[in-house]
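The values are calculated or read from the model by the stated rules, or taken from the named source; none is laboratory data. Values in this document were obtained by computation on a predicted structure and should not be read as measured data. All Cβ positions, glycine included, derive from the backbone under ideal geometry; neighbour counts span all protein chains shown.
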Amino acid sequence: MKKALTWIGTVIGTGAVLALIFGALERKSEPRTIAVNGECLTTAPRDRVAITLRVTTLDKSAATSMKQATAKIAEITEFLKNQDVEMQTTQFNSYEKTEWNRDEQKSVTLGIETTVAVEISAKNIETIEKILTQFAGQTNVFSENLRMFTSPETMKPIMEDCLGSAVENARTRANALAAGDNKRAGKVLAISYGTHTDDVMYSGANLMRSKMVTAGTVDAAGTIVTRDTQVSVSVSAVFEIR
(Lines give C-alpha, C1' and ligand atoms only; values in the text may rest on other atoms or scores of the structure.)
Protein backbone atom coordinates (compact mmCIF):
# COMPACT_ATOMS: atom_id res chain seq x y z
CA MET A 1 0.00 0.00 0.00
CA LYS A 2 2.85 2.34 0.87
CA LYS A 3 4.51 1.62 -2.50
CA ALA A 4 1.23 2.28 -4.26
CA LEU A 5 0.85 5.62 -2.51
CA THR A 6 4.44 6.49 -3.37
CA TRP A 7 3.84 5.61 -7.02
CA ILE A 8 0.65 7.66 -7.12
CA GLY A 9 2.44 10.59 -5.52
CA THR A 10 5.26 10.30 -8.04
CA VAL A 11 2.77 10.35 -10.92
CA ILE A 12 1.01 13.36 -9.46
CA GLY A 13 4.30 15.10 -8.90
CA THR A 14 5.48 14.37 -12.43
CA GLY A 15 2.14 15.60 -13.79
CA ALA A 16 2.46 18.82 -11.83
CA VAL A 17 5.95 19.41 -13.19
CA LEU A 18 4.79 18.73 -16.74
CA ALA A 19 1.85 21.08 -16.24
CA LEU A 20 4.23 23.82 -15.11
CA ILE A 21 6.50 23.18 -18.10
CA PHE A 22 3.65 23.21 -20.60
CA GLY A 23 2.17 26.27 -18.91
CA ALA A 24 5.49 28.07 -19.21
CA LEU A 25 5.78 27.06 -22.85
CA GLU A 26 2.27 28.28 -23.52
CA ARG A 27 3.00 31.60 -21.87
CA LYS A 28 6.20 31.87 -23.89
CA SER A 29 4.30 31.32 -27.14
CA GLU A 30 2.18 34.39 -26.43
CA PRO A 31 4.61 37.33 -26.66
CA ARG A 32 4.01 40.61 -24.90
CA THR A 33 2.81 43.25 -27.32
CA ILE A 34 2.23 46.96 -27.50
CA ALA A 35 -0.19 48.82 -29.79
CA VAL A 36 0.61 52.36 -30.92
CA ASN A 37 -0.30 54.85 -33.61
CA GLY A 38 2.12 56.56 -35.99
CA GLU A 39 1.76 59.33 -38.52
CA CYS A 40 3.47 61.14 -41.36
CA LEU A 41 2.69 64.53 -42.85
CA THR A 42 4.24 65.65 -46.12
CA THR A 43 3.43 67.39 -49.39
CA ALA A 44 3.43 66.48 -53.08
CA PRO A 45 3.70 68.88 -56.04
CA ARG A 46 0.54 69.47 -58.02
CA ASP A 47 1.61 68.58 -61.55
CA ARG A 48 -1.75 68.28 -63.35
CA VAL A 49 -4.57 70.71 -64.16
CA ALA A 50 -8.07 69.47 -64.96
CA ILE A 51 -11.27 70.99 -66.30
CA THR A 52 -14.67 69.57 -67.17
CA LEU A 53 -16.39 70.58 -70.42
CA ARG A 54 -20.11 69.91 -70.31
CA VAL A 55 -22.45 69.96 -73.29
CA THR A 56 -26.16 70.34 -72.49
CA THR A 57 -28.84 70.40 -75.19
CA LEU A 58 -32.64 70.66 -74.99
CA ASP A 59 -35.16 69.79 -77.70
CA LYS A 60 -38.69 68.49 -77.96
CA SER A 61 -37.30 65.53 -79.87
CA ALA A 62 -35.11 63.06 -77.96
CA ALA A 63 -33.30 62.10 -81.15
CA THR A 64 -32.51 65.73 -81.98
CA SER A 65 -31.35 66.51 -78.45
CA MET A 66 -28.96 63.55 -78.40
CA LYS A 67 -27.73 64.25 -81.93
CA GLN A 68 -26.86 67.87 -81.07
CA ALA A 69 -25.03 66.87 -77.88
CA THR A 70 -23.01 64.05 -79.45
CA ALA A 71 -22.10 66.22 -82.44
CA LYS A 72 -20.69 68.96 -80.20
CA ILE A 73 -18.79 66.44 -78.05
CA ALA A 74 -17.35 64.90 -81.22
CA GLU A 75 -16.12 68.37 -82.24
CA ILE A 76 -14.51 68.88 -78.82
CA THR A 77 -12.95 65.43 -78.86
CA GLU A 78 -11.51 65.97 -82.32
CA PHE A 79 -9.85 69.19 -81.16
CA LEU A 80 -8.47 67.50 -78.03
CA LYS A 81 -6.79 64.77 -80.08
CA ASN A 82 -4.18 67.29 -81.18
CA GLN A 83 -3.53 68.59 -77.65
CA ASP A 84 -1.25 67.16 -74.97
CA VAL A 85 -4.10 66.12 -72.70
CA GLU A 86 -5.81 63.14 -71.15
CA MET A 87 -9.59 62.94 -71.35
CA GLN A 88 -12.45 60.77 -70.20
CA THR A 89 -16.24 60.95 -70.40
CA THR A 90 -17.66 61.46 -66.91
CA GLN A 91 -21.35 61.93 -67.70
CA PHE A 92 -23.78 60.91 -70.44
CA ASN A 93 -27.52 61.03 -69.81
CA SER A 94 -30.73 62.07 -71.49
CA TYR A 95 -34.00 62.68 -69.67
CA GLU A 96 -37.31 64.51 -69.82
CA LYS A 97 -36.93 68.00 -68.36
CA THR A 98 -39.88 69.56 -66.59
CA GLU A 99 -40.58 72.71 -64.62
CA TRP A 100 -43.41 73.95 -62.42
CA ASN A 101 -45.80 76.36 -64.16
CA ARG A 102 -47.13 78.74 -61.51
CA ASP A 103 -49.92 80.07 -63.70
CA GLU A 104 -51.27 76.65 -64.57
CA GLN A 105 -50.24 75.17 -61.20
CA LYS A 106 -48.83 72.08 -62.78
CA SER A 107 -45.61 70.56 -64.05
CA VAL A 108 -44.98 71.09 -67.76
CA THR A 109 -42.54 69.29 -70.02
CA LEU A 110 -39.87 71.46 -71.62
CA GLY A 111 -38.36 68.72 -73.76
CA ILE A 112 -35.57 66.17 -73.64
CA GLU A 113 -32.33 67.38 -72.10
CA THR A 114 -29.11 65.57 -72.97
CA THR A 115 -25.89 66.13 -71.02
CA VAL A 116 -22.44 64.86 -71.95
CA ALA A 117 -19.39 65.82 -69.87
CA VAL A 118 -15.71 65.24 -70.54
CA GLU A 119 -12.94 65.73 -67.98
CA ILE A 120 -9.69 67.00 -69.48
CA SER A 121 -6.34 67.10 -67.70
CA ALA A 122 -3.02 68.58 -68.79
CA LYS A 123 0.45 69.22 -67.41
CA ASN A 124 0.08 73.00 -67.49
CA ILE A 125 -2.58 75.66 -67.24
CA GLU A 126 -1.69 77.12 -70.66
CA THR A 127 -3.08 74.02 -72.39
CA ILE A 128 -6.32 74.28 -70.43
CA GLU A 129 -6.59 77.98 -71.27
CA LYS A 130 -6.16 77.17 -74.95
CA ILE A 131 -9.04 74.68 -74.79
CA LEU A 132 -11.28 77.11 -72.94
CA THR A 133 -10.51 79.85 -75.46
CA GLN A 134 -11.37 77.50 -78.32
CA PHE A 135 -14.87 76.81 -77.01
CA ALA A 136 -15.63 80.02 -75.10
CA GLY A 137 -19.04 81.46 -75.94
CA GLN A 138 -20.22 78.46 -77.94
CA THR A 139 -23.86 77.51 -77.48
CA ASN A 140 -24.61 74.67 -75.07
CA VAL A 141 -20.96 74.35 -73.93
CA PHE A 142 -20.10 74.98 -70.28
CA SER A 143 -16.92 74.61 -68.25
CA GLU A 144 -16.66 73.68 -64.57
CA ASN A 145 -14.58 72.00 -61.89
CA LEU A 146 -11.22 73.57 -62.61
CA ARG A 147 -8.75 71.91 -60.27
CA MET A 148 -5.07 71.22 -59.77
CA PHE A 149 -3.91 67.87 -58.43
CA THR A 150 -0.98 65.49 -58.09
CA SER A 151 -0.82 62.74 -60.71
CA PRO A 152 -0.85 59.11 -59.49
CA GLU A 153 2.65 58.44 -60.85
CA THR A 154 4.03 61.36 -58.83
CA MET A 155 1.98 60.57 -55.73
CA LYS A 156 2.83 56.85 -55.49
CA PRO A 157 6.50 57.02 -54.35
CA ILE A 158 5.76 59.96 -52.04
CA MET A 159 2.91 58.07 -50.42
CA GLU A 160 5.05 54.93 -50.01
CA ASP A 161 7.86 56.91 -48.37
CA CYS A 162 5.38 58.59 -46.06
CA LEU A 163 3.92 55.21 -45.10
CA GLY A 164 7.41 53.99 -44.16
CA SER A 165 7.94 57.13 -42.06
CA ALA A 166 4.62 56.58 -40.29
CA VAL A 167 5.62 53.02 -39.36
CA GLU A 168 8.97 54.25 -38.02
CA ASN A 169 7.13 56.93 -36.07
CA ALA A 170 4.98 54.20 -34.52
CA ARG A 171 8.09 52.15 -33.67
CA THR A 172 9.70 55.17 -32.00
CA ARG A 173 6.63 55.61 -29.84
CA ALA A 174 6.56 51.91 -29.00
CA ASN A 175 10.24 52.02 -27.96
CA ALA A 176 9.59 55.04 -25.77
CA LEU A 177 6.77 53.25 -23.97
CA ALA A 178 8.69 49.99 -23.61
CA ALA A 179 11.84 51.72 -22.33
CA GLY A 180 10.27 52.15 -18.91
CA ASP A 181 10.33 48.35 -18.58
CA ASN A 182 13.83 48.07 -20.06
CA LYS A 183 12.35 46.56 -23.20
CA ARG A 184 12.19 47.53 -26.85
CA ALA A 185 9.85 47.06 -29.79
CA GLY A 186 10.52 44.01 -31.92
CA LYS A 187 8.86 42.83 -35.10
CA VAL A 188 5.53 44.17 -36.32
CA LEU A 189 2.74 41.67 -35.65
CA ALA A 190 -0.14 43.61 -37.19
CA ILE A 191 -0.60 46.93 -38.96
CA SER A 192 -3.33 48.95 -40.63
CA TYR A 193 -3.16 52.37 -42.25
CA GLY A 194 -5.17 55.17 -43.77
CA THR A 195 -4.25 58.01 -46.15
CA HIS A 196 -5.63 61.43 -46.94
CA THR A 197 -4.86 64.04 -49.61
CA ASP A 198 -6.51 67.31 -50.54
CA ASP A 199 -7.24 68.84 -53.95
CA VAL A 200 -7.70 72.46 -54.90
CA MET A 201 -11.00 73.10 -56.65
CA TYR A 202 -11.94 76.42 -58.24
CA SER A 203 -15.70 76.85 -58.26
CA GLY A 204 -17.73 78.71 -60.86
CA ALA A 205 -20.86 77.95 -62.84
CA ASN A 206 -19.11 78.66 -66.12
CA LEU A 207 -15.38 79.28 -66.00
CA MET A 208 -15.25 80.31 -69.66
CA ARG A 209 -17.59 83.22 -68.99
CA SER A 210 -15.67 84.26 -65.87
CA LYS A 211 -12.34 83.77 -67.69
CA MET A 212 -11.18 81.58 -64.80
CA VAL A 213 -10.89 84.59 -62.49
CA THR A 214 -12.22 83.46 -59.12
CA ALA A 215 -11.34 85.27 -55.92
CA GLY A 216 -8.07 84.04 -54.53
CA THR A 217 -7.18 81.75 -57.44
CA VAL A 218 -4.93 84.00 -59.52
CA ASP A 219 -2.01 86.29 -58.75
CA ALA A 220 -1.38 89.82 -60.04
CA ALA A 221 0.05 88.43 -63.27
CA GLY A 222 -3.06 86.36 -63.93
CA THR A 223 -1.39 83.03 -63.11
CA ILE A 224 -3.22 80.43 -61.06
CA VAL A 225 -1.38 79.80 -57.80
CA THR A 226 -1.78 76.93 -55.36
CA ARG A 227 0.04 75.21 -52.56
CA ASP A 228 1.24 71.63 -52.85
CA THR A 229 -1.00 68.68 -52.12
CA GLN A 230 -1.14 67.96 -48.41
CA VAL A 231 -0.49 64.26 -47.74
CA SER A 232 -1.10 62.50 -44.43
CA VAL A 233 -0.69 58.83 -43.53
CA SER A 234 -1.72 57.31 -40.20
CA VAL A 235 -0.95 53.77 -39.04
CA SER A 236 -2.03 51.55 -36.17
CA ALA A 237 0.67 48.99 -35.38
CA VAL A 238 1.13 46.15 -32.91
CA PHE A 239 4.76 45.39 -31.99
CA GLU A 240 6.25 42.47 -30.13
CA ILE A 241 8.03 43.59 -26.95
CA ARG A 242 11.51 42.15 -26.41
Considering only the stretch 111-122, I want to know if a residue exists there that is at positive phi and outside any helix (DSSP H, G or I).
yes
Would you tally the residues in the stretch 106-131 being within 23 Å of T70 (Cβ to Cβ), among the aliphatic types (A, V, I, L, M) and crowded, with 19+ Cβ neighbours inside 10 Å?
6
Residue hits (the stretch 72-90; more than 20 Å from the chain's Cα centre (by Cα) and either buried (at least 17 other Cβ atoms within 10 Å of the Cβ) or assigned to a strand (DSSP E or B) (or both)) are K72, I73, I76, L80, V85
Tally, over the stretch 32-71, of residues that are crowded, with 20+ Cβ neighbours inside 10 Å and more than 32 Å from the chain's Cα centre (by Cα):
2
Selected residue (only one of E96, E104 is among the acidic types (D, E) and either at pLDDT 95 or above or assigned to a helix (DSSP H, G or I) (or both)):
E96
If you check L58 against the conditions, is it aliphatic (A, V, I, L, M), modelled with pLDDT of 95 or more and under 11 Å from I131 (Cα atoms)?
no
